[in-house]
Amino acid sequence: SGCGESDEDSITVEKEVEDIKSAIEFIRSKGVTRIGLLGLSQGGLISLKVSDPEVNSIFLMAPVTDSLPDYRSKLSEWQRQELEDYGVTRKYKPEQSRSQIIFSGEVIKHKENLDQDKLLEDVDVPVKIVHGTEDTSVPIEQSRKAVRKLKEAELIEIEDDHYFEHSVEEVTGMAAKFFLDNLSIKN
């Protein structure tokens, strides 16, 4: 909700987790028994928060896995004022299907106060993380710490930015191979 062509709604972590759980339920109702999650940035955080026994593997790209204590400082003055006045603010992305995204102050508080140990404690499926060494949005150190705490995880560091501007095809290929390896039915 609140993204793409869906209804206008503010984004919260809880709503995004519920959206993923609803998608898993729908896929399961169609007979799919092996499910993988893929998340970029906040989508990585959401993927890790989804606790579902049907999820068999998780592929993450530059995921938020630990607190970002200075997150609020990355907002503009007018965004901080909107948060104070209304409890929500907007991001403009004119090149996308939805030119503005509304997100609640809860998202910011969540990111600023995230506890990595608590987030990762129940994740017990294979996880592959790809993170750009030139990422200025989410520190790569978050992913380095996360793989040490996860039960079955691998980190691939790529010389690129947060959105993998120069390595989209490479990262896409890694995700496809990861899911083929981890979701294929083995006899």
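Points worth noting:
- Restricting attention to segment 137-165 and to residues that are in a loop (DSSP other than H, G, I, E, B) and under 17 Å from D124 (Cα atoms), the residue that is nearest to the chain's Cα centre (by Cα) turns out to be L150.
- Leading residue by the ranking (modelled with the highest pLDDT) among those in segment 81-100 that are part of a loop (DSSP other than H, G, I, E, B) and touching a strand residue (DSSP E or B) at 6+ places or on another chain (Cβ under 8 Å): G87
- Residues located in segment 7-22, provided they are modelled with pLDDT under 70 and open to solvent by less than 70 Å² (accessible area, probe 1.4 Å): D9, S10, I11
- Pairs, first within 26 Å of I102 (Cα to Cα) and charged (D, E, K, R) in segment 15-30, second at pLDDT 90 or above and assigned to a helix (DSSP H, G or I), C-beta under 9 Å, six or more apart: E16/Q42; E16/G43; E16/L45; E16/I46; E16/K49; D19/I46
- Flag if E54 is open to solvent by 20 Å² or more (accessible area, probe 1.4 Å), within 24 Å of K145 (Cβ to Cβ) and touching a helix residue (DSSP H, G or I) at 6+ places or on another chain (Cβ under 8 Å): no
- Criterion: among the polar types (S, T, N, Q), touching a Gly at 6+ places or on another chain (Cβ under 6 Å) and more than 15 Å from S137 (Cα to Cα) - qualifying residue of S57, S51: S57
- Scanning segment 23-44 for residues that are on the phi < 0 side of the Ramachandran plot, out of contact with any helix residue (DSSP H, G or I) (no Cβ under 7 Å at 6 or more places or on another chain) and open to solvent by less than 70 Å² (accessible area, probe 1.4 Å) yields A23, I24, I27, V32, L40, Q42, G43, G44.
- Tally, over segment 145-168, of residues that are of a type in the set (K, R) and exposed (fewer than 14 other Cβ atoms within 10 Å of the Cβ): 2
- Failed criterion for D124 (all others in (1) over 25 Å from S51 (Cβ atoms); (2) among the acidic types (D, E); (3) open to solvent by 80 Å² or more (accessible area, probe 1.4 Å) hold): (1)
Rundown of residues vs (1) surrounded by 13 or more Cβ atoms within 10 Å (Cβ to Cβ); (2) under 30 Å from G173 (Cα atoms); (3) hydrophobic (A, V, I, L, M, F, W, C); (4) at pLDDT below 95, yes/no style:
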residue	(1), (2), (3), (4)
P63	yes, yes, no, no
D70	no, no, no, yes
Q79	yes, no, no, yes
I102	yes, no, yes, yes
I108	yes, no, yes, yes
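- Any hit, segment 169-179, residues being open to solvent by 50 Å² or more (accessible area, probe 1.4 Å), β-branched (V, I, T) and without any contact (Cβ under 8 Å) to a residue 12 or more places away in the chain: yes
The values are calculated or read from the model by the stated rules, or taken from the named source; none is laboratory data. These numbers were taken from a predicted model, which means no experiment stands behind them. Don't worry about glycine lacking a Cβ; one is built from the backbone with ideal geometry, like all the others, and counts go over all protein chains shown. Note: accessible area is taken over every heavy atom of the protein model, side chains too, but ligands, DNA and RNA are not part of it. Shrake-Rupley method; radii C 1.70, N 1.55, O 1.52, S 1.80 Å.
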